[in-house]
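To start, the structure itself, in structure tokens.
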Amino acid sequence: MDNTATINIGDKSFTYPIITGTENENAVDLRKLRAETGYITFDEGYGNTGSCESSITYIDGEKGILRNRGYSIEDLAKNSTFLETSYLIIYGELPTETELRAFKSKISSNAVIHTNMHTTFDGLSANARPMAILSSMLNVLGCYYPQMASNNREQDLEFFDDAAALLISKVRTIAAMAYRKEVGLPFVHPREDLRYAENFLHMMFSEPYKLFEDKAGLADALDLFLLLHADHEQNCSTSTVRMVASSGANLFASVAAGVCALWGPLHGGANAAVVRMLQQIHASGDDGKKFIEEAKAGKAKLMGFGHRVYKNYDPRAKIIGETVDKVLGKLGVSDPLLDIAHNLEEAALNDEYFIERKLYPNVDFYSGIILKAAGIPVDMFTVMFAIGRLPGWIANWKEIASNTQSRIHRPRQIYTGPNLRNYVPLAER
Ligand code: ACO
């Protein structure tokens, strides 16, 4: 097969190479298009645009496939842990026993944050939203490690291993502190003897007179939740991290920007939006059927359904959907919201509107129910997503920072404003 594509503009033809990925996905390489033709590609929302080459994550949205560094998400969910998968995503290979021990030890010994940062917390408004706190505090964190956040590529890469471990560790502490600040409770110090998710639950829920006890295996469910979110190719927040990194910005600033992009309800905010939607449906006495009709009529959106890339089941939704029942069973609680979620899922999967548009549950559809069962307040859900996605952002930052050929990201536009006008003095307007 000819490995080129030809574009005809007027009476001229232009030929461009086709590049192929390791899973045989093809792209027309249009990097020289504007220089050769004066035209640009127009792809609002980037649905057809490959913004980079990456060796981190592979997704086939039509088939519902997700692989991190070549390992299927099902395999990792069954056999790995969040920290091991984080190592894999960041460094490209599964760690040896020694490497994993060293990585974990760096993470567990770095959980405490500088006491001066407590003063920064004190200065925040009592109404500060947890995602705003998280983003701000990740940038503040960089101020305490200026050698790692220098905006000098070579230097930032030299300190990369320390910066990555430090961020993965301290993001939990910051998240738990944001929660404790919101509810007016004193901060709880991290413990080195606890596993990653266990330590987070301890910082969230322990009291000086009563340590948090994980009787129902919530830490394992949380670890799985984090693992499932660890990386997901060029989504809105990861692309934001890469965009910021492309200017030469340091890792701390880049991931802080990722948090802001994740905040919106069409992205990471969807897990909280799902639970709010289920609560509303429950309060209205609907079992889900009426809501489905409203979604079809365009009066509502079925949050947790649909995906820009998946036109099939999001594989993470399947795994988390199976875990929900187990977690609630272990806790010995039933949640009416889960029944409504099951009803909505069944109704949507059998309805022509959703079938035609290939709308399936995404990872957020059931994850909120798990987080709710773990006692995490709804406005902290997106923060949990951010903790999970951090290794992916870090790996993407590293990929772009280590690429000596990478250029600043700077898309073009089609201008639709007025043509040249003369300034009109105020008195004449
Ligand atoms: N409920 C009802 N209808 C929907 C939904 C939904 N959740 N999602 C898409 N549609 C409809 C659209 O109205 C549109 O219908 P039309 O063709 O009649 O106009 C069609 O399906 C295509 O939808 P688009 O908006 O073009 O899909 P897009 O790829 O731009 O958006 C998105 C994807 C943002 C995820 C969208 O499906 C959505 O808003 N879902 C709900 C929010 C959500 O769950 N977000 C989490 C995404 S996963 C993640 O970030 C981890």
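Applying the criterion of being aromatic (F, W, Y), more than 8 Å from the ligand (Cβ to nearest atom) and not in a loop (DSSP other than H, G, I, E, B) to the residues of region 350-385, the residue that is nearest to N235 (Cα to Cα) is F381. Look through region 365-398, keep the residues that are among the charged types (D, E, K, R) and at pLDDT below 90, and return whichever of them is least open to solvent (accessible area, probe 1.4 Å). Per the criteria, the residue is D379.
To keep it simple, each residue is scored yes or no on (1) in contact (Cβ under 8 Å) with a residue 12 or more places away in the chain; (2) among the aliphatic types (A, V, I, L, M).
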| residue | (1), (2) |
| --- | --- |
| T120 | yes, no |
| A149 | yes, yes |
| D156 | yes, no |
| H202 | yes, no |
| L211 | no, yes |
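Among the residues of region 161-195, those that are within 12 Å of N110 (Cβ to Cβ), in a helix (DSSP H, G or I) and open to solvent by 10 Å² or more (accessible area, probe 1.4 Å) comprise D161, D162. Note on region 219-267: residues that are over 18 Å from the mean Cα position of the chain (by Cα) and open to solvent by 30 Å² or more (accessible area, probe 1.4 Å) amount to 2. Tallying residues that are under 18 Å from M177 (Cα atoms) and open to solvent by less than 30 Å² (accessible area, probe 1.4 Å) within region 196-218 yields 9.
Here's the yes/no breakdown for (1) in contact with an Asp or Glu (Cβ under 8 Å, 6 or more places away or on another chain); (2) under 30 Å from I107 (Cα atoms):
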{"position": "D2", "(1), (2)": "no, no"}
{"position": "Y16", "(1), (2)": "yes, no"}
{"position": "T22", "(1), (2)": "no, no"}
{"position": "T37", "(1), (2)": "no, no"}
{"position": "F42", "(1), (2)": "no, no"}
{"position": "G47", "(1), (2)": "no, no"}
{"position": "I73", "(1), (2)": "no, yes"}
{"position": "I90", "(1), (2)": "no, yes"}
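Sub-6 Å Cβ pairs linking a first residue in region 294-310 that is more than 22 Å from E62 (Cα to Cα) to a second residue that is more than 7 Å from the ligand (Cβ to nearest atom) and open to solvent by 50 Å² or more (accessible area, probe 1.4 Å), at least 6 apart or interchain, are K296/Y353; A300/E294, ordered by first then second residue. Residues in region 294-327 that are within 7 Å of the ligand (Cβ to nearest atom), within 17 Å of the chain's Cα centre (by Cα) and open to solvent by 20 Å² or more (accessible area, probe 1.4 Å): M303, F305, H307, R308. The single residue among A197, A178, A163 that is assigned by TED's automatic domain parsing to the domain that holds A256, of a type in the set (A, V, I, L, M) and modelled with pLDDT under 95 turns out to be A178. Would you confirm, using the coordinates I've provided, whether T98 is within 17 Å of the chain's Cα centre (by Cα), of a type in the set (S, T, N, Q) and outside any loop (DSSP other than H, G, I, E, B)? Spelling it out, it is not the case that T98 is within 17 Å of the chain's Cα centre (by Cα), of a type in the set (S, T, N, Q) and outside any loop (DSSP other than H, G, I, E, B).
Evaluating H202 against the criteria (1) assigned to a loop (DSSP other than H, G, I, E, B); (2) away from the ligand (no atom under 16 Å from the Cβ) leaves one unmet condition, (1).
Can you tell me which residue is farthest from the ligand (Cβ to nearest atom) among those in region 243-290 that are farther than 19 Å from R316 by Cβ and in contact with an Asp or Glu (Cβ under 7 Å, 6 or more places away or on another chain)? Per the stated criteria, the residue is N250. Quickly run through region 49-71 and pick out the residues that are polar (S, T, N, Q) and either open to solvent by less than 70 Å² (accessible area, probe 1.4 Å) or in contact with a helix residue (DSSP H, G or I) (Cβ under 7 Å, 6 or more places away or on another chain) (or both). Result: T49, S51, S54, T57, N68.
Within region 48-71, the residues that satisfy the criterion of being within 16 Å of the ligand (Cβ to nearest atom) and either of a type in the set (S, T, N, Q) or assigned by TED's automatic domain parsing to the domain that holds W393 (or both) are N48, T49, T57, N68.
Which ones in region 212-235 are away from the ligand (no atom under 16 Å from the Cβ) and either among the charged types (D, E, K, R) or closer than 17 Å to T173 by Cβ (or both)?
F212, E213, D214, K215, A219, D220, L222, D223
P391 falls short of the stated requirement of being within 16 Å of the ligand (Cβ to nearest atom), under 17 Å from the mean Cα position of the chain (by Cα), more than 26 Å from Y87 (Cα to Cα) and not hydrophobic (A, V, I, L, M, F, W, C).
Take the residues in region 150-160 that are open to solvent by 50 Å² or more (accessible area, probe 1.4 Å) and part of a loop (DSSP other than H, G, I, E, B); name whichever of them is farthest from P130 (Cα to Cα). The residue in question is N152.
Quick check on region 9-39: of everything there that is open to solvent by less than 50 Å² (accessible area, probe 1.4 Å) and in contact with a helix residue (DSSP H, G or I) (Cβ under 9 Å, 6 or more places away or on another chain), which residue is nearest to G70 (Cα to Cα)? My answer is Y16. Consider E356 carefully, then state whether it is farther than 24 Å from Y46 by Cα and either over 19 Å from the mean Cα position of the chain (by Cα) or not β-branched (V, I, T) (or both). Answer is no for this residue.
Exactly one residue out of T173, T240 is farther than 29 Å from L344 by Cβ, within 16 Å of the ligand (Cβ to nearest atom) and not basic (K, R), and it is T240.
The values are calculated or read from the model by the stated rules, or taken from the named source; none is laboratory data. Bear in mind the structure is a predicted one, so any value in this text is a computation, not a measurement. Neighbour counts run over all protein chains shown; Cβ positions are idealised from the backbone, glycine included. The protein model used for the area step is the full one, side chains on, heavy atoms only, and it has no ligands, DNA or RNA in it. Shrake-Rupley method; radii C 1.70, N 1.55, O 1.52, S 1.80 Å.
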